Amino acid sequence: MPVFHLASTSPARRMLLAQAGIDARAFAPEVDEDAAVADAEREGGAPLTPAQTVELLARAKAEAGAALLRERGETAGLVFGGDSVFVLDGTIYGKPHTPDEALRRWKLQRGRTGTLFSGHWLIDLATDAAAHSVAASDVSFTADMTDAEIHAYIASGEPLLVAGAFTIDSLGSAFIDSVSGDPSTVVGLSIPALRRLVRELGYEWTQLWGSTAGAADSA
């Protein structure tokens with residue numbers, strides 16, 4: 001039974017995995033996301049597409065996580081890195097971080113539809129083999145969300161540290177009319193996509209059910 005290492009401290013990703021039967025060992029990889037994107041765009045001579053952005057950052061997190069685990073003496077298990085961005089009118093939106101930016105985004109996206117891209121990168125520590133994919137789902141926001149509701153939602157703090165300034169698995173769910181595509185993609189990773197990556201690396205998804213992991217690491 002391979003241990004599943006989650007190179008992320010995202011509660012939403014860990015919850016998704018737990019609901020799918022996987023008790024992931026979560027830890028935080030050290031990745032400068034802005035620098036990684038800037039370097040890739042400089043080398044490529046053009047801005048990254050949304051799919052390229054989430055794939056690049058998912059890979060960076062998985063590889064940084066694998067390197068850290070090997071430093072600790074780990075030689076087996078699967079290491080997953082993921083990243084998400086929201087796209088509206090061709091503009092990529094990550095985490096807003098500030099209330100003012102979250103407010104600007106919600107006034108822009110209210111009553112409209114955008115696309116959430118989620119990148120997946122999975123590494124087998126034992127062989128260093130990797131599998132990867134990008135999933136996308138369209139998200140339609142309610143048109144009758146009031147300014148008071150927007151301000152209350154932002155005051156909760158929830159939208160500040162999530163891609164697109166919204167969630168579908170918590171307070172933000174009341175302001176989303178529909179999702180076209182796999183809903184788990186919008187939460188933080190596509191469970192069906194991850195299942196396919198696990199099989200691509202030679203494991204069966206059901207082997208991960210009940211995998212022991214222990215508490216989240218502090219690193």
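The values are calculated or read from the model by the stated rules, or taken from the named source; none is laboratory data. Here the structure is a predicted model, which is why all the values come from computation and not from measurement. Every residue, glycine among them, receives a Cβ derived from its backbone with ideal geometry; neighbour counts consider all protein chains shown. Surface areas here come from the heavy atoms of the whole protein model, side chains and all, with no ligands, DNA or RNA. Shrake-Rupley method; radii C 1.70, N 1.55, O 1.52, S 1.80 Å.
For the stretch 158-175, filtered to residues that are assigned to a helix (DSSP H, G or I) and within 12 Å of T142 (Cβ to Cβ), the residue that is most open to solvent (accessible area, probe 1.4 Å) is A174.
Residues that are of a type in the set (S, T, Y), out of contact with any Lys or Arg (no Cβ under 8 Å at 6 or more places or on another chain) and open to solvent by less than 70 Å² (accessible area, probe 1.4 Å) within the stretch 89-143 comprise T91, T98, T115, S118, S137, listed in sequence order. The residue that is farthest from A130 (Cα to Cα), counting only those in the stretch 185-205 that are touching a helix residue (DSSP H, G or I) at 6+ places or on another chain (Cβ under 8 Å) and hydroxyl-bearing (S, T, Y), is T185.
Tell me, which residue of the stretch 176-214 that is of a type in the set (A, V, I, L, M) and outside any helix (DSSP H, G or I) is surrounded by the most Cβ atoms within 10 Å (Cβ to Cβ)? In this case the residue turns out to be L189. For the stretch 144-153, a residue qualifies if it is open to solvent by less than 10 Å² (accessible area, probe 1.4 Å) and part of a loop (DSSP other than H, G, I, E, B), and exactly one does: M145.
Suppose we filter A36, A26, A20, A58 for residues that are more than 29 Å from T146 (Cβ to Cβ) and out of contact with any helix residue (DSSP H, G or I) (no Cβ under 9 Å at 6 or more places or on another chain); which single one remains? Reasoning before the result, please.
Numbers: A36 fails: out of contact with any helix residue (DSSP H, G or I) (no Cβ under 9 Å at 6 or more places or on another chain); A26 fails: out of contact with any helix residue (DSSP H, G or I) (no Cβ under 9 Å at 6 or more places or on another chain); A20 fails: out of contact with any helix residue (DSSP H, G or I) (no Cβ under 9 Å at 6 or more places or on another chain).
Being more than 29 Å from T146 (Cβ to Cβ) and out of contact with any helix residue (DSSP H, G or I) (no Cβ under 9 Å at 6 or more places or on another chain) holds for just one of A36, A26, A20, A58, which is A58.
Evaluation of G77 against the conditions (1) farther than 28 Å from T49 by Cβ; (2) open to solvent by 10 Å² or more (accessible area, probe 1.4 Å); (3) of a type in the set (G, A, S) shows that the sole unmet condition is (2).
Conditions (1) of a type outside the set (A, V, I, L, M); (2) closer than 25 Å to R70 by Cα; (3) open to solvent by less than 20 Å² (accessible area, probe 1.4 Å); (4) in a helix (DSSP H, G or I), marked per residue:
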| position | (1), (2), (3), (4) |
| --- | --- |
| M15 | no, no, no, yes |
| A18 | no, yes, no, yes |
| D23 | yes, yes, no, no |
| V31 | no, yes, no, no |
| A36 | no, yes, no, yes |
| R42 | yes, no, no, yes |
| A51 | no, no, no, yes |
